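The values are calculated or read from the model by the stated rules, or taken from the named source; none is laboratory data. On a predicted model such as this, the values are computed, not experimentally measured, just so you know. Here the Cβ positions follow ideal geometry from the backbone for every residue, glycine too, while neighbour counts run over all protein chains shown.
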Amino acid sequence: MRERLSLWAVFCLIVAFLPSQTESVAVMSVDLGSEWMKIAIVKPGVPMEIALNKESRRKTPVAVCLKENERLFGDSALGVAVKNPKVVYRFLQSILGKTADNPQVAQYQKHFPEHQLQRDEKRGTVFFKFSEDSQYTPEELLGMILNYSRGLAQDFAEQPIKDAVITVPAYFNQAERRAVLQAAHIAGLKVLQLINDNTAVALNYGVFRRKDINSTAQNIMFYDMGSGSTTATIVMYQTVKTKESGTQPQLQIRGVGFDRTLGGFEMELRLRDHLAKLFNEQKKSKKDVRENLRAMAKLLKEAQRLKTVLSANAEHMAQIEGLMDDIDFKAKVTRSEFEALCEDLFDRVPGPVKEALAAAEMNMDEIDQVILVGGSTRVPKVQDVLLKAVGKEELSKNINADEAAAMGAVYQAAALSKAFKVKPFLVRDAAVFPIQVEFSRETEEEDGVKTVKHNKRILFQRMAPYPQRKVITFNRYMDDFVFYINYGDLSFLSEQDLKVFGSQNLTTVKLSGVGSSFKKHSEAESKGIKAHFNMDESGVLILDRVESVFETIVEEKEEESTLTKLGNTISSLFGGGSSDPTANVTEPVTGETDAEKAEKPEEKSDGEKAEEKEEDKKPKPQKKSKISEDITVELEVNDVLDPSTEDMEVSKKKLQDLTDRDLEKQEREKTLNSLEAFIFETQDKLYQDEYQAVVTEEEKEQITGKLSEASNWMDEEGYTAGTKELKEKLSELKKLCKAMFFRVEERKKWPDRLAALNTRAASITSIHPFFFHSFFPFFNSDQIFTEVELKTLERVINETMTWKNETVAEQDKLSPTEKPVLLSKDIEAKLSLLDREVNYLLNKAKFAKPKPKDKAKDKNTTTTENSKANSTEEAEKVIPPKTEEVKPAEEPPTVEKKDEEPILELNPAENTDTENHKGDEL
């Protein structure tokens, strides 16, 4: 609770204006893990907050269930996984951006044998075959989950959201990052940035500790073990000076180490297999439980629970009712048995730490503290092994292990959005994998033999900061050529990691138009072919453009200064300068002109002539002019082929059709429930006294018959009827019962409405004779209200009471089954009329000002100066009568402003359109 309150205090939003409902200024983040996702939002008036799902939980399983006629997500999908695992898709992160021959694809198929994974011959990737007519790629399934996450965020924020920051593992390569962006595009999300999850955690940690960051560098290691992988990250915190915003805190990623398959899910699989072995050993069934997919799904769910319990207990009893063939399973498992099962996994715990230190070129003594992140770090054995590996006194747990990444990512989303003003916190992320440019060129040796020389140029080194732009210049090409963009030295990866990594070749770049640009600018000096690269905030490498650059030298004309021109003009006006009045004396002289040849200048002295000759010998000033011409670029992707534009449109339509189907199903279920509830509730109301009093026997019989008919129709045909038919049936019943409901509601409202009218009229009548004449005595009996106004009030009171008495009398003559003439809306209208008249008079009295009182003249005035002075002095001492100040309604207490500005506020100066976002300049 204390942490929640501090969150509100630190990140309180200062609402400068209230945007209209059509404006969408809220942003979201998705911490996309392999098993769970956490969603956070920022909107005006609400601090950074985790969005709850439909089960009011703060984290949601990354799972989607595809049935024949509906989709389920999150916990609902996991509930189906136990009964029918074939239709539930999970842990999609491990096969994103992977070709069919990747070892992780084979590993996924081993873990989930119930799914049919097939090769996409066009792209070389895989897809899930759901049925003969439908198939889904991992990007499409992830797009469904991201769209579901946006729905949860929108429900929580109560407004549309389109901008998001999504976390990805730091070890994701270019193909994997592009796959996440493709999934987000299919889902209709605008990705402001793909932020590495370890960077998001570091940002969240630093934002809460701004005051602790100074010019002295602090090195902190974050050890994150999640469900599917483990990452160790070394982060340096330090304040730096910037031109834009002065001294600001900064985090810089110094080193990253990772293990793609070390996580809690692998431990759960070990436990699942152990439980299956125990069940087979009990020999309660002749079948092997490992061949029953449904039973294995139940065992996996129990293993997940068991792992959590064993983190706090030395032993626990695993039990499942009806595991297979209605046979119950029960077995005791100890923590020591669990640790023995995962002994080889625990041996891999120090690996990411060593890799991170090697990447940062640091040792453990330079690390100030090690902070645990991720759910699987709660396993006691993991903490024991890690503590021994880092050699520290303790492991820090001063951060929310589950939600830190989501909160850091949503802070970055607010910083990138123009709708919020955020205190700067500079982020310098690092590229885990180096990238280089390779090209070949023919060279001629001294003996005339031509050889092909292969060249490499490092574009981004390992742990190079980004976002960053780079330019590579090719100086020795005069015709079209080809170069390659590949990964650099990956020797720091193990053999298994290299296999999982995939293709080390990124892109083949074919340039055309180089030769024609040289022919076009043959007289100019070539400055090479320049290729402009950009690694953006998401860590995705982009080739912006390629241009052929030339340089020419042009003579720079000496322009006469403005003062010289002005002097010549003035001289000509006073008869100086040329004798020819038509000569343009203000035009600068850049050489010998025809006009100057015709005119004979006056003779000059020898000194002047010598000086003139020296000036002629001086070289004319020159300047360099740059010429650039764009080169046509053709890109050929070599790692994982991106889906074509047509394929993306097909995927978007496929998901939209599923969404429309889900919405239609929800609308039908809502209408069906409303119809069913209306029938049962109305049948029950017909037996209540208040309804029986207002309905005739004939009317009651008609309504009862229609309700019974609708109930029978529901049992026979209603549950298969369409939404339109259900709505028509409900509308027909409501129309039939409308008059009955109206009579009952009116009779319920009469007592309160009539009592209010009587009370209001009586109170006004009682004060009418004296109230307006004796109020505000300081007006000295001045008439505040006119006679017309007072008579109008009296007339309104009389007419209201007359209407009330006559209408009530007329209503008393009617039967309760007849349409009433006394209507609650008419009573409310009469009340409003009384209030309007009284408020008019009260407001007039409130703002009326007393007339100034004339000073009394002294009748016994004398002709002396002293008597006049005394009478004047006495007149000035007259004290006006004391008036009672009419105070306005009490205003809410004001909140003291603190010296420190809020970190996050709504920015009134910026346009709330979030189409064009800008990040902090690093």
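Go through the residues of the range 147-154 one by one and say whether even a single one is among the small types (Gly, Ala, Ser), buried (at least 23 other Cβ atoms within 10 Å of the Cβ) and over 19 Å from the mean Cα position of the chain (by Cα).
Keep residues of the range 147-154 that are among the small types (Gly, Ala, Ser), which gives 149, 151, 153.
With buried (at least 23 other Cβ atoms within 10 Å of the Cβ) added as a condition, the list becomes 149, 153.
Adding the requirement that they be over 19 Å from the mean Cα position of the chain (by Cα) leaves none.
No - not one qualifying residue is present in the range 147-154.
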Evaluate the following for Thr807: is it surrounded by 13 or more Cβ atoms within 10 Å (Cβ to Cβ), closer than 24 Å to Val744 by Cβ and of a type outside the set (Asp, Glu)?
yes
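Could you please let me know if Leu142 is crowded, with 24+ Cβ neighbours inside 10 Å and outside any helix (DSSP H, G or I)?
Numbers: crowded, with 24+ Cβ neighbours inside 10 Å: yes; outside any helix (DSSP H, G or I): no.
Criteria not met by Leu142.
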Which residue is farthest from Leu386 (Cα to Cα), if the candidates are limited to the range 206-230 and must be among the hydroxyl-bearing types (Ser, Thr, Tyr) and in contact with a helix residue (DSSP H, G or I) (Cβ under 7 Å, 6 or more places away or on another chain)?
Ser227
Scanning the range 39-64 residue by residue, those in a strand (DSSP E or B) and under 19 Å from Ser94 (Cβ atoms) turn out to be Thr60, Pro61, Ala63, Val64
Inside the range 341-369, the number of residues satisfying the requirement of being outside any loop (DSSP other than H, G, I, E, B), among the hydrophobic types (A, V, I, L, M, F, W, C) and over 27 Å from Ser491 (Cβ atoms) is 1
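Would you mind finding the one in Gly79, Gly45 that is assigned by TED's automatic domain parsing to the domain that holds Val165 and closer than 20 Å to Ala297 by Cβ?
Working: Gly45 fails: closer than 20 Å to Ala297 by Cβ.
Testing whether each residue is assigned by TED's automatic domain parsing to the domain that holds Val165 and closer than 20 Å to Ala297 by Cβ leaves just Gly79.
Can you find even one residue in the range 651-661 that is among the aliphatic types (A, V, I, L, M) and under 30 Å from Ala184 (Cβ atoms)? Spell out how you get there, then give the answer.
To start, the set of residues in the range 651-661 that are among the aliphatic types (A, V, I, L, M) comprises 655, 658.
Next, only the ones that are under 30 Å from Ala184 (Cβ atoms) stay: 655, 658.
Yes: one or more hits.
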Note down all Cβ pairs under 6 Å where the first residue falls in the range 280-298 and is over 14 Å from Gln319 (Cα atoms) and among the aliphatic types (A, V, I, L, M), the second is in a loop (DSSP other than H, G, I, E, B) and at pLDDT 90 or above, and they're at least six residues apart or on different chains.
Leu293/Glu114
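So, of the residues in the range 83-94 that are more than 14 Å from Glu35 (Cα to Cα) and touching a strand residue (DSSP E or B) at 6+ places or on another chain (Cβ under 9 Å), which turns out to be surrounded by the fewest Cβ atoms within 10 Å (Cβ to Cβ)?
Taking the range 83-94 first, the residues more than 14 Å from Glu35 (Cα to Cα) are 83-87.
With the extra rule that they be touching a strand residue (DSSP E or B) at 6+ places or on another chain (Cβ under 9 Å), the set shrinks to 84, 87.
On the way: Asn84: 14, Val87: 19.
Within the range 83-94, the match that is surrounded by the fewest Cβ atoms within 10 Å (Cβ to Cβ) is Asn84.
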From the list Phe439, Phe433, Phe420, pick out the single residue that is buried (at least 20 other Cβ atoms within 10 Å of the Cβ), under 22 Å from Arg469 (Cβ atoms) and in contact with a strand residue (DSSP E or B) (Cβ under 9 Å, 6 or more places away or on another chain).
Phe433
Condition broken by Ala77, with the remaining ones in (1) crowded, with 20+ Cβ neighbours inside 10 Å; (2) more than 30 Å from Phe501 (Cα to Cα); (3) under 19 Å from the mean Cα position of the chain (by Cα) satisfied
(3)
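In the range 208-261, which residue that is of a type in the set (D, E, K, R) and not in a strand (DSSP E or B) is surrounded by the fewest Cβ atoms within 10 Å (Cβ to Cβ)?
Taking the range 208-261 first, the residues of a type in the set (D, E, K, R) are 209-212, 224, 241, 243-244, 254, 259-260.
Then keep just the ones that are not in a strand (DSSP E or B); that gives 209-212, 243-244, 260.
Numbers: Arg209: 13, Arg210: 16, Lys211: 8, Asp212: 10, Lys243: 6, Glu244: 8, Arg260: 17.
Checked the range 208-261; the qualifying residue surrounded by the fewest Cβ atoms within 10 Å (Cβ to Cβ) is Lys243.
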Consider Ile320 against the criteria (1) under 23 Å from Ala303 (Cβ atoms); (2) in contact (Cβ under 8 Å) with a residue 24 or more places away in the chain; (3) surrounded by 18 or more Cβ atoms within 10 Å (Cβ to Cβ): it satisfies all of them except one. Which criterion is unmet?
(2)
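Give me the residue from the range 362-380 that is more than 32 Å from the chain's Cα centre (by Cα) and in contact (Cβ under 8 Å) with a residue 24 or more places away in the chain and, out of that set, nearest to Val309 (Cα to Cα). Steps first, answer last, please.
Of the residues in the range 362-380, the ones more than 32 Å from the chain's Cα centre (by Cα) are 362-368, 379-380.
Subset that is in contact (Cβ under 8 Å) with a residue 24 or more places away in the chain: 362, 364, 366-368, 379-380.
Details: Met362: 37, Met364: 33, Glu366: 36, Ile367: 32, Asp368: 32, Val379: 10, Pro380: 11 Å.
It comes out as Val379.
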Can you find, within the range 658-691, the residue that is farthest from Leu142 (Cα to Cα) among those that are touching a Lys or Arg at 6+ places or on another chain (Cβ under 9 Å) and hydrophobic (A, V, I, L, M, F, W, C)?
Leu686
In the range 712-765, residue nearest to Asp826 (Cα to Cα) [restricted to those that are surrounded by 15 or more Cβ atoms within 10 Å (Cβ to Cβ) and among the aromatic types (Phe, Trp, Tyr)]
Trp750
Condition met for Ser311 (touching a residue at least 60 places away in the same chain (Cβ under 8 Å), hydroxyl-bearing (Ser, Thr, Tyr) and closer than 23 Å to Leu262 by Cβ)
yes
Glu302 fails exactly one of the following numbered conditions: (1) of a type outside the set (A, V, I, L, M); (2) surrounded by 15 or more Cβ atoms within 10 Å (Cβ to Cβ); (3) closer than 30 Å to Phe222 by Cβ. What is the number of that condition?
(3)
For the subset of the range 775-798 comprising residues that are part of a helix (DSSP H, G or I) and modelled with pLDDT under 50, which member is surrounded by the most Cβ atoms within 10 Å (Cβ to Cβ)?
Phe779
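Return the total of residues in the range 278-296 being under 21 Å from Gln107 (Cα atoms) and assigned to a helix (DSSP H, G or I). Please lay out each step first, then the result.
Taking the range 278-296 and keeping what is under 21 Å from Gln107 (Cα atoms), we get 289-296.
Narrowing the set further to residues that are assigned to a helix (DSSP H, G or I) leaves 289-291, 293-296.
Here the count works out to 7.
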